[in-house]
1. What's the number of the only condition in (1) farther than 30 Å from residue 83 by Cβ; (2) touching a helix residue (DSSP H, G or I) at 6+ places or on another chain (Cβ under 8 Å); (3) of a type in the set (Asp, Glu) that residue 228 fails to meet?
2. If residue 203 satisfies all but one of (1) at pLDDT 95 or above; (2) assigned to a loop (DSSP other than H, G, I, E, B); (3) of a type outside the set (Asp, Glu), what's the number of the condition it fails?
3. Spot the failing condition for residue 321; the list is (1) within 22 Å of the chain's Cα centre (by Cα); (2) outside any loop (DSSP other than H, G, I, E, B); (3) farther than 30 Å from residue 214 by Cα, and only one is missed.
4. Give me the pairs: first residue in segment 32-43 and assigned by TED's automatic domain parsing to the domain that holds residue 87 and at pLDDT 95 or above, second residue of a type in the set (D, E, K, R) and part of a strand (DSSP E or B), beta-carbon distance under 6 Å, and six or more apart or on different chains, which are they?
5. Going by what's in this entry, would residue 107 be described as buried (at least 23 other Cβ atoms within 10 Å of the Cβ) and either in the same structural domain as residue 187 (by TED's automatic domain parsing) or out of contact with any Asp or Glu (no Cβ under 6 Å at 6 or more places or on another chain) (or both)?
6. Return yes or no: is residue 270 in contact with a helix residue (DSSP H, G or I) (Cβ under 9 Å, 6 or more places away or on another chain), of a type outside the set (Lys, Arg) and not in a strand (DSSP E or B)?
7. Here's a check for you: in segment 226-266, which residue that is of a type in the set (D, E, K, R) and within 16 Å of residue 147 (Cβ to Cβ) is surrounded by the most Cβ atoms within 10 Å (Cβ to Cβ)?
8. Can you name every residue in segment 120-147 that is surrounded by fewer than 17 Cβ atoms within 10 Å (Cβ to Cβ) and touching a residue at least 40 places away in the same chain (Cβ under 8 Å)?
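The values are calculated or read from the model by the stated rules, or taken from the named source; none is laboratory data. What you are looking at is a predicted structure, and each value in this text was computed from that prediction instead of being measured. In this analysis, Cβ positions are derived from the backbone assuming ideal geometry, glycine residues included, and neighbour counts consider all displayed protein chains.
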Amino acid sequence: MSRKVRLGFIGAGSITGMHLRNLREVKEAKIVAFSDPNIDSAKRWAQEIGLTVKEGKTVFADWREMLDRVGLDAVIILSPHSFHCEQIVTALERGLHVLTEKPMVVKVSKAKKVIETMRKTGKVVVVSYQRRFMPQFRFIREQIVKGNLGELNFIEAFVGQGWQRGTAGTWRQDPKLSGGGFLMDTGSHIVDITLWIAQSKPVQVTATITNNGAPVEINDIVGIQFADGKVASVVTVGSAISFFEHHTFVCEEGVLRYEYGKVIVGKRLPDKPWGAEWKEVEQSEMPPSSNPNRHFIDVVLGRAENESPPEDALKVIAVTEAAYKSAKLGQAVKVGL
């Protein structure tokens, strides 16, 4: 029987619920403590899972005190973005594995520090990019890796969300805590899935952004050029009325399209230069689904290779950092990798 992995939460905001739902299905995961500056939030989540609420033993206002006083194997970091680097590095140095929410960190230099510490300590860092574990995106990547539609040459990615209104007055719109706006937050998922499927080194970025009256940037248009010649357009709109997302992957012999949870495949008809055959992919044709929490436990227990490592998160923050610089300078910027 596999051993239990004792988990402590650093940060206990609203996103905690999603992680707890994922962990309910992982029998090897044992949640033993929560920490949050708002200790009432830590208490609420402890009660939610039936954990005995005891300040200084199972719930803490100070995450460092939790690390000092609780026997842990790993931590899940759900704090504001700017805190991630210190918390990840400290946890690794304490001999703990780490699952962290996106973005892993808010600067390239901090990403490199995380990677250096991870390699030095030999512990695991998994970044919670859930699209990597969704059947639809796994199917799309598999088709491209196998070359079933020829060489990938263009990617279009779009996400819209009522983010500006929904996060007004919170830490997400405080640049000192968030490190950026919509591109840094929800947009991090979109940049990541673009890079993950492109499987090529991003070398140059051109970006236009606007704050739309907010303290941080809200709407972004980011062009990415890759080392092998393919290009991508990433558009993130935080002033939308609600959430919606779509992706298009253009290959030599066809197109893969994701929208509203569906995947559509278009294949070029050899006898019709302007024609194509389109088909919706059935769920049964896609790989099985998973989630970052389940995957994290599998990696910690040595049952899986890390499919969302910090080296990939470094590329995401490098593109994001370059986009902010490009928008400020009004010119193309090299990606700092």
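1. It is condition (2) that residue 228 fails.
2. Evaluating residue 203 over (1) at pLDDT 95 or above; (2) assigned to a loop (DSSP other than H, G, I, E, B); (3) of a type outside the set (Asp, Glu) leaves (2) as the failure.
3. (3)
4. Between residues of segment 32-43 that are assigned by TED's automatic domain parsing to the domain that holds residue 87 and at pLDDT 95 or above and residues that are of a type in the set (D, E, K, R) and part of a strand (DSSP E or B), the close pairs are 32/6.
5. Considered against the rule, which asks whether it is buried (at least 23 other Cβ atoms within 10 Å of the Cβ) and either in the same structural domain as residue 187 (by TED's automatic domain parsing) or out of contact with any Asp or Glu (no Cβ under 6 Å at 6 or more places or on another chain) (or both), residue 107 comes out as no.
6. When the stated conditions are applied, residue 270 does not pass them.
7. Step by step, filter segment 226-266, then rank; the result is 230.
8. Within segment 120-147, 142, 145 meet the criteria.
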